[in-house]
Amino acid sequence: MTARLPVFPLGTVLFPGLVLPLHIFEERYRALVRHLVGLPEGAPREFGVVAIQAGWEVAPAGPPGRPALGGGEVTLHEVGCTAELRQVTELADGGFDIVTVGRRRFRIAEVEESAAPYLTAAVEWLPEPAGTDEVAELLAARVISVFRQYLGLVRPDPQEISEQLPEDPTVLSHLVAATAALTVADRQRLLAIDDTAARLRAELRLLNRETALLRQVRAVPVPLSELAGPPVPN
């Protein structure tokens with residue numbers, strides 16, 4: 001099944017169930033927020049968040065009414081996640097502060113750059129696991145154990161988060177992917193995995209790697225410039 005979505009390129013990866021606040025100041029994305037707010041009651045107020053693979057996405061000066069990927073050649077990852085609009089605060093300058101929540105994963109089939117005033121894309125919805133998976137549940141218990149060790153090394157007070165870790169394997173896999181200090185590339189690979197058990201296995205490898213390095217050097221094992229930082233405001 002395919003659908004068409006507004007596309008919001010960012011320097012971060014959004015996962016289902018995770019909160020993403022954004023400050024909207026570009027006119028094209030102000031138009032997107034106004035469009036979503038104006039939808040009929042009950043209509044899905046969501047747009048696609050896609051991590052930038054290469055380049056920089058800032059609207060350049062040019063003819064009004066046409067979207068563009070700024071900063072030269074820009075490449076987007078194929079897999080993204082929809083962001084559902086949950087809270088909107090309109091600012092005095094016409095911008096918005098919004099709060100969104102990741103909802104469902106998709107794969108980009110085609111980007112339509114000629115649409116106005118923001119990018120849209122034809123997307124295919126990716127499958128999500130349903131029902132009980134005993135393998136995933138066993139892996140989830142192992143991930144929780146290693147993740148608590150990891151939090152003990154990177155956070156001064158890891159107790160608050162570790163006590164709130166979800167039991168659902170799929171929800172846990174998304175939380176770990178979004179919370180651990182991973183690169184955008186690592187997070188993108190985790191988002192693209194369809195099977196919860198496979199995602200948890202990949203996270204075990206990453207967490208074991210990061211924990212071993214942290215114990216050896218007592219420092220974050222990747223350059224700060226490569227970490228998946230806070231969302232880039234638009």
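If the condition is being open to solvent by 20 Å² or more (accessible area, probe 1.4 Å) and either in contact with a Pro (Cβ under 9 Å, 6 or more places away or on another chain) or without any contact (Cβ under 8 Å) to a residue 12 or more places away in the chain (or both), then segment 1-16 contributes only GLY11.
The set of residues in segment 204-234 being assigned to a helix (DSSP H, G or I) and at pLDDT below 50 consists of LEU224, SER225, GLU226.
The rows are residues; the columns are (1) within 16 Å of LEU18 (Cα to Cα); (2) charged (D, E, K, R).
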| site | (1), (2) |
| --- | --- |
| GLU90 | no, yes |
| GLY94 | no, no |
| ALA109 | no, no |
| GLU112 | no, yes |
| ALA116 | no, no |
| LEU119 | no, no |
| VAL135 | no, no |
| PHE147 | no, no |
| PRO169 | yes, no |
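Pairing each residue of segment 19-46 that is within 23 Å of ALA92 (Cα to Cα) and open to solvent by 30 Å² or more (accessible area, probe 1.4 Å) with any residue that is at pLDDT 95 or above and aromatic (Phe, Trp, Tyr), provided the two are 6+ apart or on different chains, yields C-beta distances under 8 Å for HIS23/PHE96; ARG30/PHE96.
Summed over segment 167-208, the residues that are over 20 Å from LEU138 (Cα atoms) and either open to solvent by 20 Å² or more (accessible area, probe 1.4 Å) or in contact with a helix residue (DSSP H, G or I) (Cβ under 9 Å, 6 or more places away or on another chain) (or both) give a count of 13.
The number of residues in segment 86-130 being touching a Phe, Trp or Tyr at 6+ places or on another chain (Cβ under 8 Å), more than 21 Å from GLN53 (Cβ to Cβ) and of a type in the set (A, V, I, L, M) comes to 1. Only one of the numbered conditions (1) at pLDDT below 90; (2) in a helix (DSSP H, G or I) is not met by ARG201, and that is (1). Scanning segment 85-99 for residues that are open to solvent by less than 40 Å² (accessible area, probe 1.4 Å) and of a type in the set (Gly, Ala, Ser) turns up GLY94, GLY95.
The values are calculated or read from the model by the stated rules, or taken from the named source; none is laboratory data. What you see is a predicted model, and the numbers here were worked out from it, not measured in a lab. Cβ coordinates were reconstructed from backbone atoms using ideal geometry, including for glycine residues, and neighbour counts include every protein chain displayed. In case anyone asks, the SASA skips ligands and DNA or RNA and just uses the protein heavy atoms, side chains included. Shrake-Rupley method; radii C 1.70, N 1.55, O 1.52, S 1.80 Å.
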